[in-house]
Amino acid sequence: MKDLNIIKKLMNDKITESDLKYTDCYIRPQLSILIPTADEEPYAEKMPFNSYSVTISFDAAKTEKPAHYHAEITSPMTFEKHTKGNHYYRILIDKEYFEKRYLMYSDNIPIFESTHFEFCSDILKALNTFVFEYSKSMLNSDITLDAQSEIITHWMIRSIFGETLDMRSVSSDYSVAKAQHYMEQHYSEHITITKLAALGYISPSAFNRRFKKETGITPIEYLIEIRINNSKNMLKRKSIPITEIALRCGFGSNAHFSSCFQMRTGLSPTEYRERYSE
């Protein structure tokens, strides 16, 4: 198997080629992606690993593509629960490589024990680009794969801190991009379609059409998503009452906040706090 020694360094010396028989491996020294091809994970018996392990599981029962996915991260030499099912990605990130970048965001590095976090679905584009680049072995792919590793690692760390990057927010249409930026900065305020349209010097009806064409959702739906994402960060801190979070995020009432939150996450604000609180 190609690059087995790199896998041994990221996982452990006990890993053999037969352990990875049912796994597609896309390998770089600082970051590797393992994708099972069958409902088996023979190497699970040889945990813990030497690297940071991020697992992204996909629910086959879901028919709609979610805006965000759930992932788990486990620190090196820490046991994690065995992932079952044949549709998940395991990302292994070299310990020193990960920690050097994590310390750009925090003064200390916690011990992750199958710690849950959410990340934007756009990170999957970077993961799949990594897989494609590795598979094609194109000229200078080692350079582009290292660049992808850098992007993926930083996005993962930002997601752990609750700062998900959604590339959908980068629009090629100036009027839409300006409205998106305004909503990001003023989500707690009362915002109208008329106000957003005026930013791009177009009519409300034209703005609505352009916005939905670019993003796939209406401006109001987009605004609610921004408010929900910001509320998630606040919910992780138990010191802020949920009623106050609703007001800070621009919701007129706690009931409206709870309804919108449940509809988009499948959890009530209280349930989300219990699951993801720091």
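The values are calculated or read from the model by the stated rules, or taken from the named source; none is laboratory data. Predicted, not measured: the structure shown is a model, and the values here were computed from it. Every residue, glycine among them, receives a Cβ derived from its backbone with ideal geometry; neighbour counts consider all protein chains shown.
Summary of values
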{"read-out": "From E99, E118, E133, residue being in contact with a strand residue (DSSP E or B) (Cβ under 9 Å, 6 or more places away or on another chain), under 19 Å from I157 (Cβ atoms), surrounded by 13 or more Cβ atoms within 10 Å (Cβ to Cβ) and free of Cβ contacts under 8 Å to residues at least 40 places away in the same chain", "value": "E99"}
{"read-out": "From the options S205, S258, S231, S239, residue that is hydroxyl-bearing (S, T, Y) and not in a helix (DSSP H, G or I)", "value": "S239"}
{"read-out": "Pairs with Cβ under 6 Å, 6+ apart, first in the stretch 248-266 and free of Cβ contacts under 8 Å to residues at least 24 places away in the same chain and at negative phi, second surrounded by 11 or more Cβ atoms within 10 Å (Cβ to Cβ) and in a helix (DSSP H, G or I)", "value": "N254/T243; N254/A246; S258/P269"}
{"read-out": "Test: residue in the stretch 120-132 that is in a loop (DSSP other than H, G, I, E, B) and under 13 Å from the mean Cα position of the chain (by Cα)", "value": "yes"}
{"read-out": "Selection from the stretch 238-265 of residues that are within 24 Å of the chain's Cα centre (by Cα), over 21 Å from Y69 (Cα atoms) and loosely packed, with under 13 Cβ neighbours inside 10 Å", "value": "K238"}
{"read-out": "Failed criterion for Q185 (all others in (1) within 30 Å of R90 (Cβ to Cβ); (2) within 23 Å of the chain's Cα centre (by Cα); (3) of a type in the set (S, T, N, Q) hold)", "value": "(1)"}
{"read-out": "Which listed residue is in contact with a Cys (Cβ under 8 Å, 6 or more places away or on another chain) and at pLDDT 90 or above, from S253, S203, S231", "value": "S231"}
{"read-out": "Pairs where the first residue, in the stretch 19-40, is free of Cβ contacts under 8 Å to residues at least 60 places away in the same chain and the second is surrounded by 19 or more Cβ atoms within 10 Å (Cβ to Cβ) and of a type in the set (F, W, Y), C-beta under 8 Å, 6+ apart", "value": "D19/Y43; L20/Y43; T23/Y43; L34/Y26; L34/Y89"}
{"read-out": "In the stretch 143-163, residue farthest from the chain's Cα centre (by Cα) [restricted to those that are without any contact (Cβ under 8 Å) to a residue 40 or more places away in the chain and over 21 Å from S121 (Cβ atoms)]", "value": "I143"}
{"read-out": "Selection within the stretch 242-255 - part of a helix (DSSP H, G or I) and among the hydrophobic types (A, V, I, L, M, F, W, C)", "value": "I242, I245, A246, L247, A255"}
{"read-out": "Only listed residue being within 28 Å of L199 (Cβ to Cβ), surrounded by fewer than 13 Cβ atoms within 10 Å (Cβ to Cβ) and either without any contact (Cβ under 8 Å) to a residue 24 or more places away in the chain or not assigned by TED's automatic domain parsing to the domain that holds S57 (or both), chosen from Q185, Q180", "value": "Q185"}
{"read-out": "Filtered residues of the stretch 178-200 (kept if in a loop (DSSP other than H, G, I, E, B), of a type outside the set (S, T, N, Q) and at pLDDT 90 or above)", "value": "Y187, E189, H190, I191"}
